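Enquirer: What follows is a structure written as structure tokens; I'll ask about it next.
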Amino acid sequence: MMVPSAILTVMETLPIGIFDSGLGGLTVAREIARTLPDEHIVYLGDTARCPYGPRDLAEVRRFVLEIGTWLEQVPVKLMVIACNTATAAGLALAQETFDVPVIGVVEPGARAAVRATVNRSVGVIGTVGTIESGAYSRAVRALDAGVTVFSVATPKFVDVVEAGLRMGPGTFEEWAAESSEVFIRPAFHEMARGYLDPLKRSGIDTLVLGCTHFPLMQAAIQQVVGSRVRLISSAEETAREVAETLQSRGHLADPGTTGSPNRFFTTGDPAEFARLGSRVLRERISGVEQVSLDELTALPSAERLALLDDHRMEDPVCG
Ligand code: DGL
């Protein structure tokens, strides 16, 4: 089908849509903003329904459909699912449903890990939803069937980051490095060792931070796993994929365009999102807008909702 050239021109000026269960996806947003400074971003943090990690994959998939439909109406030229749990649950559905490219964070993380590992033993930590979905094992195997993946769900790390975000001023990493109020506690080390020692014993040389919250506690995780284990965050690789995808389609914003400002939305409390989000993004966020859950849940058409049933068949049967 021929696309009128006027539409192609408009595409370049549209924002990149990014979403996550809350604030963690801002670690991906900040990398995209650094890699593509001429682009503008529309970010939605579904804080009211955070965390996604302990939820049923089918429920998270519905959230992906709702938020993707919302971003479609903005409109955006590309969507990034900046949440591993949501990527594991709904990337395939989103790619089938929406006309714009949809990029998740699992494949980029797997690719960076396969590139980094020397002994071909890779660890993955993430939420229960991400780990139980087997998404990382599948993604790594698709890239190199000779790499062995050792996965551990580390849900308490999400709680630690969430608690840390509510403490202290400055960027999250500055706070974590300087005050270490959470990380120097013996209870933290005991909990982290409980999760990470089995991975260390399996001889991994590379560990994927398979949750967008975890790059914020990278220093603490590195301390526990030791300096010989290389930590991988999918943010950089995801940003590269976004840049390549836009470039190959001719949809990159023109260099030097003043562009529109980035916009931030939350399903939770806008003031809290602005305060905590600024600590993650490392720049001040203001004018956060609220999207109601009633609005989001009413968006997908019956036809789109029917797609959820087809995808339910793909979920791993646990227990
Ligand atoms: N940011 C989410 C992820 O990457 C984790 C937080 C949550 O459980 O919602 O999986």
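Enquirer: Answer yes or no as to whether residue 98 is over 21 Å from residue 289 (Cβ atoms), aromatic (Phe, Trp, Tyr) and in contact with an Asp or Glu (Cβ under 9 Å, 6 or more places away or on another chain).
Expert: Numbers: over 21 Å from residue 289 (Cβ atoms): yes; aromatic (Phe, Trp, Tyr): yes; in contact with an Asp or Glu (Cβ under 9 Å, 6 or more places away or on another chain): yes.
Considered against the rule, which asks whether it is over 21 Å from residue 289 (Cβ atoms), aromatic (Phe, Trp, Tyr) and in contact with an Asp or Glu (Cβ under 9 Å, 6 or more places away or on another chain), residue 98 comes out as yes.
Enquirer: Have a look at 302, 253 and point out the one that is out of contact with any strand residue (DSSP E or B) (no Cβ under 8 Å at 6 or more places or on another chain), of a type in the set (Gly, Ala, Ser), crowded, with 16+ Cβ neighbours inside 10 Å and at pLDDT below 95. Outline the logic, then answer.
Expert: Details: 302 fails: crowded, with 16+ Cβ neighbours inside 10 Å.
One residue alone meets the criteria, 253.
Enquirer: State all residues of the range 18-72 that are charged (D, E, K, R) and within 14 Å of the chain's Cα centre (by Cα); if no residue qualifies, say none. First the steps, then the outcome.
Expert: Kept after step one, since they are charged (D, E, K, R), are these residues of the range 18-72: 20, 30-31, 34, 38-39, 46, 49, 55-56, 59, 61-62, 66, 72.
Across the range 18-72, the qualifying residues are 20, 30, 31, 46.
Enquirer: Being within 16 Å of the ligand (Cβ to nearest atom), of a type in the set (A, V, I, L, M) and under 23 Å from residue 138 (Cβ atoms) is the filter here; which residues of the range 183-224 pass it? Don't jump to the end; show me each part of the working.
Expert: Narrowing the range 183-224 to residues within 16 Å of the ligand (Cβ to nearest atom): 195, 207-218, 221.
With of a type in the set (A, V, I, L, M) added as a condition, the list becomes 207-209, 216-217, 221.
Result: 207, 208, 209.
Enquirer: Taking the range 274-311 only, how many residues are touching a Leu at 6+ places or on another chain (Cβ under 8 Å) and assigned to a helix (DSSP H, G or I)?
Expert: Residues in the range 274-311 being touching a Leu at 6+ places or on another chain (Cβ under 8 Å) and assigned to a helix (DSSP H, G or I): 10 in total.
Enquirer: Run down 263, 230, 279, 240 and say which single residue is out of contact with any helix residue (DSSP H, G or I) (no Cβ under 9 Å at 6 or more places or on another chain) and either closer than 29 Å to residue 111 by Cβ or in contact (Cβ under 8 Å) with a residue 60 or more places away in the chain (or both). Step through it out loud before you land on a result.
Expert: Details: 230 fails: out of contact with any helix residue (DSSP H, G or I) (no Cβ under 9 Å at 6 or more places or on another chain); 279 fails: out of contact with any helix residue (DSSP H, G or I) (no Cβ under 9 Å at 6 or more places or on another chain); 240 fails: out of contact with any helix residue (DSSP H, G or I) (no Cβ under 9 Å at 6 or more places or on another chain).
Criteria check complete, one pass: 263.
Enquirer: Also, quick follow-up: Mind checking whether some residue in the range 67-79 is over 20 Å from residue 160 (Cβ atoms), in contact with a His (Cβ under 6 Å, 6 or more places away or on another chain) and open to solvent by less than 40 Å² (accessible area, probe 1.4 Å)? Walk me through how you get there before you give the answer.
Expert: Applying the first criterion (over 20 Å from residue 160 (Cβ atoms)) to the range 67-79 yields 67-79.
Narrowing the set further to residues that are in contact with a His (Cβ under 6 Å, 6 or more places away or on another chain) leaves 77.
This time we only want the ones that are open to solvent by less than 40 Å² (accessible area, probe 1.4 Å), so: 77.
Yes: the range 67-79 contains one or more residues that are over 20 Å from residue 160 (Cβ atoms), in contact with a His (Cβ under 6 Å, 6 or more places away or on another chain) and open to solvent by less than 40 Å² (accessible area, probe 1.4 Å).
Enquirer: Filter the range 90-105 down to the residues that are open to solvent by less than 10 Å² (accessible area, probe 1.4 Å) and assigned to a helix (DSSP H, G or I), then identify the one that is farthest from residue 57 (Cα to Cα).
Expert: Result: 94.
Enquirer: If you go through the range 107-114 one residue at a time, do you hit one that is more than 14 Å from the ligand (Cβ to nearest atom), small (Gly, Ala, Ser) and surrounded by fewer than 16 Cβ atoms within 10 Å (Cβ to Cβ)?
Expert: Checked against the condition, which is being more than 14 Å from the ligand (Cβ to nearest atom), small (Gly, Ala, Ser) and surrounded by fewer than 16 Cβ atoms within 10 Å (Cβ to Cβ), the range 107-114 yields no hits at all.
Enquirer: Where the second residue is among the hydroxyl-bearing types (Ser, Thr, Tyr) and within 12 Å of the ligand (Cβ to nearest atom) and the first is closer than 21 Å to residue 295 by Cβ and open to solvent by 10 Å² or more (accessible area, probe 1.4 Å) and lies in the range 44-61, which pairs have Cβ atoms under 7 Å and are six or more apart or on separate chains?
Expert: Listed by first residue and then by second, the contacts come to 49/21; 50/21.
Enquirer: Counting only residues that are within 16 Å of the ligand (Cβ to nearest atom) and either among the polar types (S, T, N, Q) or in contact with a Cys (Cβ under 8 Å, 6 or more places away or on another chain) (or both), how many does the range 138-161 have?
Expert: Number satisfying all stated conditions: 4.
Enquirer: Quick check on the range 116-137: of everything there that is more than 13 Å from the ligand (Cβ to nearest atom) and of a type in the set (S, T, N, Q), which residue is surrounded by the fewest Cβ atoms within 10 Å (Cβ to Cβ)? Step through it out loud before you land on a result.
Expert: Kept after step one, since they are more than 13 Å from the ligand (Cβ to nearest atom), are these residues of the range 116-137: 116-123, 134, 137.
Now restrict to residues that are of a type in the set (S, T, N, Q): 117, 119, 121, 137.
Working: 117: 23, 119: 11, 121: 16, 137: 18.
For the range 116-137, the residue satisfying everything is 119.
Enquirer: Quick one: which residue in 235, 271, 219 is within 26 Å of residue 63 (Cβ to Cβ), open to solvent by 30 Å² or more (accessible area, probe 1.4 Å), in a helix (DSSP H, G or I) and of a type outside the set (Lys, Arg)? Steps first, answer last, please.
Expert: Details: 235 fails: open to solvent by 30 Å² or more (accessible area, probe 1.4 Å); 219 fails: within 26 Å of residue 63 (Cβ to Cβ).
Exactly one residue qualifies, and that residue is 271.
The values are calculated or read from the model by the stated rules, or taken from the named source; none is laboratory data. These numbers come from a predicted model, not from an experiment. Neighbour counts are summed over all protein chains in view; Cβ atoms, including those assigned to glycine, are modelled from backbone coordinates with ideal geometry. What goes into the accessible areas is simple: the full protein's heavy atoms, side chains included, and nothing from ligands, DNA or RNA. Shrake-Rupley method; radii C 1.70, N 1.55, O 1.52, S 1.80 Å.
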